[in-house]
1. Show the residue pairs that are 6+ apart or on different chains and have beta-carbon atoms under 7 Å apart, the first residue being within segment 127-142 and under 11 Å from I90 (Cβ atoms), the second being of a type in the set (D, E).
2. Tell me yes or no: at least one residue of segment 27-34 is acidic (D, E), under 16 Å from the mean Cα position of the chain (by Cα) and either exposed (fewer than 14 other Cβ atoms within 10 Å of the Cβ) or at negative phi (or both).
3. When you check I94 against the structure, is it in contact with a helix residue (DSSP H, G or I) (Cβ under 9 Å, 6 or more places away or on another chain) and modelled with pLDDT of 95 or more, yes or no?
4. Mind listing whichever residues of segment 65-87 are loosely packed, with under 13 Cβ neighbours inside 10 Å and either over 30 Å from I166 (Cα atoms) or among the polar types (S, T, N, Q) (or both)?
5. Could you pull out the residue among V144, V106 that is surrounded by 20 or more Cβ atoms within 10 Å (Cβ to Cβ) and hydrophobic (A, V, I, L, M, F, W, C)?
Amino acid sequence: MKAIVIYFSRADENYFGGSLKYIDKGNTEIVAEKIKEITNADLFKVERKKDYAKEYMKCIEEAKIEQQNNERPELKSYLDDINNYDVIFIGSPIYWGTMPQAMFTVLDRLDFNGKIIMPFTTHEGSGLANVVRDIKKCAKGAIVKEGLAILGSSANDSKSKLQTWIDNNL
């Protein structure tokens with residue numbers, strides 16, 4: 001089975017169990033790279049053309065406005081075709097109960113018919129939130145498997161949890 005991980009991740013100031021700290025690599029990117037190690041999947045990082053603010057509180061406020069306006073922000077690059085993939089891992093942090101709007105920019109453009117989707121999130125208390133529901137709305141004709149929520153502060157230690165999830169769902 002050929003797989004790809006489509007993910008959004010943000011470094012800079014992030015929330016970790018009650019406090020804010022700067023990180024060089026986003027938690028979702030760390031998890032995406034671990035999925036690549038396990039499955040040999042390709043990676044596609046979703047990046048907004050205009051980055052969110054580096055400060056966490058400003059970032060989430062920007063994300064809230066995007067969500068309220070149902071925006072589809074412009075991206076640095078686009079994924080136009082997933083025909084060569086059987087399994088699509090879709091991952092992101094949780095912003096206001098779902099994925100950042102940039103993920104919808106990508107997902108709205110793709111044909112998921114007949115694909116297996118493995119949703120995952122990084123969070124500090126939101127779990128999967130509405131991500132699985134929202135992916136099902138975008139990915140008509142796909143088989144959406146059980147999602148996995150990983151605490152962002154545990155991203156570096158998530159490989160065995162990811163392995164179990166993958167083994168149990170593929």
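1. Final answer for the pair search is C138/D108.
2. Scanning segment 27-34, I find at least one residue that is acidic (D, E), under 16 Å from the mean Cα position of the chain (by Cα) and either exposed (fewer than 14 other Cβ atoms within 10 Å of the Cβ) or at negative phi (or both), so the answer is yes.
3. yes
4. Once the filter is applied, which keeps residues that are loosely packed, with under 13 Cβ neighbours inside 10 Å and either over 30 Å from I166 (Cα atoms) or among the polar types (S, T, N, Q) (or both), segment 65-87 yields I65, Q68, N69, N70, E74, S77, N83, N84.
5. That would be V106, the only listed residue that is surrounded by 20 or more Cβ atoms within 10 Å (Cβ to Cβ) and hydrophobic (A, V, I, L, M, F, W, C).
The values are calculated or read from the model by the stated rules, or taken from the named source; none is laboratory data. All figures in this text were calculated on a predicted structure; none of them were measured in a lab. Reconstructed Cβ throughout: ideal geometry from the backbone, glycine too, with neighbour counts over all protein chains shown.
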